[in-house]
Amino acid sequence: MRTFAIGDIHGHLTALNSLLAAIPANKDDLLVFLGDYVDKGPDVPGVLNRLIDISESRNAIFLRGNHDQLMLDARKDPALHLPGWECLSGGDPLASYGEGKTRKLLTSVVPKAHFEFLKKCCVNFHETDDFIFVHAGISPDRAPADESMDNLQWQKLPHAAAHQSGKTVICGHTAQNSGDIADLHHTICIDTGITKGLKLTALALDTFEFWQADPEGSTSSGKLR
């Protein structure tokens, strides 16, 4: 079984579909999605529907990113969390669900299945014998299960350090303005800036081959190491 990590999608369905078509994964291989499925991109509902389909038909793990958590928090307590979410998401996080104020779309338009996916199907980390998968980051001296949600969902790449386990950390969250993967050896960040018009990335963890798709769906490939 091969493992493929997939970086922050942010509503870019065309790039996601092209990337999934490009990677040489079969149904027994594991797909690890690193979170941030919502906000900023042109088709958030399409992305969530696609991921729900994948959850029902493929061997996949879905991490919960900070933007996904913000959407859940805003639905739970709009008065407290909606202003901050709108600020961080660019002002109109649910534009692709239709016209109307965010609060109304959140409570009456977004399908329940989308919230259920983000809440129940997504996890905060995934760990194997060789890798720790997180959305954002992890303290070098903490096990993933003991790490704070703040670090798992919000820590920026400059704070990354070698983990005490010796495992390589695979993360997203910190968008790379170059469109290239950031390889710190102990940490690999594959948020390659799809929200900046750059790339969505998938990385094979056995060979370190990678595949990328831009917002229009054009793909490329290469090898990290």
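Work out the FRET efficiency for Ser108 and Met149 from their Cβ-Cβ distance, taking R0 = 30 Å, and round it to the nearest 0.05. Each step should come with its number before you reach the end.
Numbers: r = 28 Å, r/R0 = 0.94.
The pair Ser108/Met149 has a calculated efficiency of 0.60.
Output the pairs from Lys120/Lys167; Lys156/Lys196; Lys40/Lys199; Lys76/Lys112 with a Cα-Cα distance over 23 Å in this structure; if there are none, say none.
Where the Cα-Cα span goes over 23 Å, the pairs concerned are Lys120/Lys167.
Between the helical axis of 78-89 and the dominant principal axis of the chain, each derived from Cα atoms, what acute angle in degrees is found, rounded to the nearest 10?
That works out to roughly 50 degrees.
Within the chain, what's the longest stretch lacking GluC sites (Glu not before Pro) that sit in DSSP loops with no more than 11 other Cβ atoms inside 10 Å? Kindly include the intermediate steps, with their values, before the conclusion.
Numbers: sites that count: Glu99, Glu216.
The reported range is 100-215.
Which cross-chain or sequence-distant (5 or more) residues have an amide H under 5 Å from the amide H of Val32, H modelled 1.01 Å from N in plane?
Phe4, Ala5, Ile6, Ile61
How tilted is helix 44-57 with respect to the longest principal axis of the chain? Cα atoms for both, answer in degrees (0 to 90, nearest 10).
Here the helix axis deviates by roughly 50 degrees.
Can you give the calculated 222 nm mean residue ellipticity of the chain, where each DSSP H run of n ≥ 4 adds -39,500 (n - 2.57) and the sum is split over every residue, rounded to the nearest 500 deg cm²/dmol?
Calculated from helices alone, the mean residue ellipticity at 222 nm is -8500 deg cm²/dmol.
If you plug each phi of region 198-203 into the Karplus form 6.51 cos²θ - 1.76 cosθ + 1.60 with θ = phi - 60°, what whole-Hz ³J(HN,Hα) values come out, in order, with x for Gly and Pro?
Values, residue by residue: 9, 9, 9, 10, 10, 10 Hz.
Using a Gaussian network model of the chain with C-alpha springs under 10 Å, which one of Cys87, Cys189, Cys122 is most mobile by mean-square fluctuation?
Among Cys87, Cys189, Cys122, the largest mean-square fluctuation in the Gaussian network model of the chain belongs to Cys87.
Values in this text are rule-based calculations from the coordinates and carry no lab data. Keep in mind that this is a model prediction, so the values were computed, not measured. Neighbour counts are summed over all protein chains in view; Cβ atoms, including those assigned to glycine, are modelled from backbone coordinates with ideal geometry.
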